[in-house]
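K.L.:
Questions regarding the structure given below will be posed in turn.
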Amino acid sequence: MSTNPVGIFDSGIGGTSIFKEIHQLLPNENIIYLADSLNAPYGEKSKAEIIQLSIKNTELLLSKGCKLIVVACNTATTNAISKLRASYNIPFIGIEPAIKPASLHTKTKAIGILATKGTLTSSLFHKTSNIYSKDITVIEQVGEGIVPLIEDGKLNSPELKELLYSYLKPMIKVNIDYLVLGCTHYPYLIPLLTEMLPNTVKIIDSGQAVAKQTKAILEQNELLNNTISLSQVKFYTNRNVAVLKSFVDDEFQVEYLQF
Ligand code: DGL
């Protein structure tokens, strides 16, 4: 079982930011990545639809023998992970916006959170944000339109820059000193964000924490791959192979798959 792959899924290329952290920390692990780009953005879908898509991705990863699944998508985690955990007998690792460190360390008492509508309206997010946003100003901003542009390979387009700046403006106005990235597509915006935000603003994403948690859970379940061989990594997308390829190293295999 320990040589079986770790499965990772996202609504598209966003989870590759998580894949990179996991592969760096756990180079021995075989990994299968599913980019459900055909159904992106998940963030605009209903909870029921997000659950249904998460089940579809999970079933495919299970059919490929995955021993653990990383839900590399804040929207799918906040809406569907409890259902997945209740339905399948393998460990699931999720990702949620890191409000806690931002709210504990803010000096200006103002933080920003950029995430999808699906994440910001979920009850899991509300629960966490109620705990950590007591004495501070929290600007929650839906990043509507960002994911489709990234999925179309328009990461550096003027359109995306303009949209992003319109979302940051209210945050800059209230003098945030932390910006929490609540969507796995957004770490790819970091070069743009650092250009646009005052240099006093720290950007937080949860990629490294997810990789560490993946390692800990594999260890706890005695599922770490300790065999010394070259690990196999495979990426599947149900939309645009070229776009997914442009987000991962050339050494990795990227294939089209209908799912
Ligand atoms: N990458 C995803 C997330 O972390 C979902 C984006 C979307 O499909 O709307 O939320």
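The values are calculated or read from the model by the stated rules, or taken from the named source; none is laboratory data. If you're wondering where the values come from, they're calculated on a predicted model, not measured in any experiment. Please note: Cβ atoms are built from the backbone with ideal geometry, for glycine as well, and neighbour counts cover all protein chains shown. All accessible areas refer to the heavy atoms of the entire protein, side chains included, with ligands and DNA or RNA removed. Shrake-Rupley method; radii C 1.70, N 1.55, O 1.52, S 1.80 Å.
K.L.:
So which residues in segment 166-180 are of a type in the set (Lys, Arg) and closer than 12 Å to HIS105 by Cα? Steps first, please.
P.N.:
Going residue by residue through segment 166-180, those that are of a type in the set (Lys, Arg) are 169, 173.
Result: no residue meets the conditions.
K.L.:
From ASN130, ASN89, grab the single residue that is free of Cβ contacts under 8 Å to residues at least 12 places away in the same chain, closer than 22 Å to PHE9 by Cα and away from the ligand (no atom under 12 Å from the Cβ).
P.N.:
ASN89
K.L.:
Look at segment 127-168 and say how many of its residues are open to solvent by 60 Å² or more (accessible area, probe 1.4 Å), among the charged types (D, E, K, R) and either in contact with a Cys (Cβ under 6 Å, 6 or more places away or on another chain) or assigned to a helix (DSSP H, G or I) (or both).
P.N.:
Final tally of qualifying residues: 4.
K.L.:
Counting only residues that are more than 13 Å from LYS161 (Cα to Cα) and in contact with a strand residue (DSSP E or B) (Cβ under 7 Å, 6 or more places away or on another chain), how many does segment 187-209 have?
P.N.:
In the first step, residues of segment 187-209 are kept if they are more than 13 Å from LYS161 (Cα to Cα); the result is 187, 198-209.
Filter once more, so that each one left must be in contact with a strand residue (DSSP E or B) (Cβ under 7 Å, 6 or more places away or on another chain): 187, 201-205.
Result for segment 187-209: 6.
K.L.:
Next question. If the requirement is being under 17 Å from the mean Cα position of the chain (by Cα), more than 24 Å from ALA216 (Cα to Cα) and not in a helix (DSSP H, G or I), which of these qualifies: LEU114, LEU34?
P.N.:
LEU114
K.L.:
Condition test on ILE139, is it modelled with pLDDT under 95 and more than 16 Å from the ligand (Cβ to nearest atom)?
P.N.:
Working: modelled with pLDDT under 95: no; more than 16 Å from the ligand (Cβ to nearest atom): yes.
In short, no.
K.L.:
Tell me, which residue of segment 230-256 that is farther than 21 Å from ASN156 by Cα and in contact (Cβ under 8 Å) with a residue 60 or more places away in the chain is surrounded by the fewest Cβ atoms within 10 Å (Cβ to Cβ)?
P.N.:
GLN232
K.L.:
Same structure again: In segment 189-207, what residues are surrounded by 18 or more Cβ atoms within 10 Å (Cβ to Cβ) and not aliphatic (A, V, I, L, M)?
P.N.:
The answer is ASP205, SER206, GLY207.
K.L.:
Separate question: What number of residues within segment 186-225 satisfy the criterion of being within 16 Å of the ligand (Cβ to nearest atom) and in a strand (DSSP E or B)?
P.N.:
Of the residues in that region, 2 qualify.
K.L.:
Further, regarding this structure: For segment 59-77, does any single residue satisfy the condition of being open to solvent by 50 Å² or more (accessible area, probe 1.4 Å), outside any helix (DSSP H, G or I) and in contact with a strand residue (DSSP E or B) (Cβ under 6 Å, 6 or more places away or on another chain)?
P.N.:
yes
K.L.:
ILE176: over 22 Å from the mean Cα position of the chain (by Cα), open to solvent by less than 30 Å² (accessible area, probe 1.4 Å) and closer than 25 Å to TYR132 by Cβ, yes or no?
P.N.:
So ILE176 fits the description; yes.
K.L.:
Among the residues of segment 3-54, write down those that are more than 12 Å from the ligand (Cβ to nearest atom), open to solvent by 40 Å² or more (accessible area, probe 1.4 Å) and closer than 17 Å to LEU120 by Cα.
P.N.:
SER46, LYS47, ALA48
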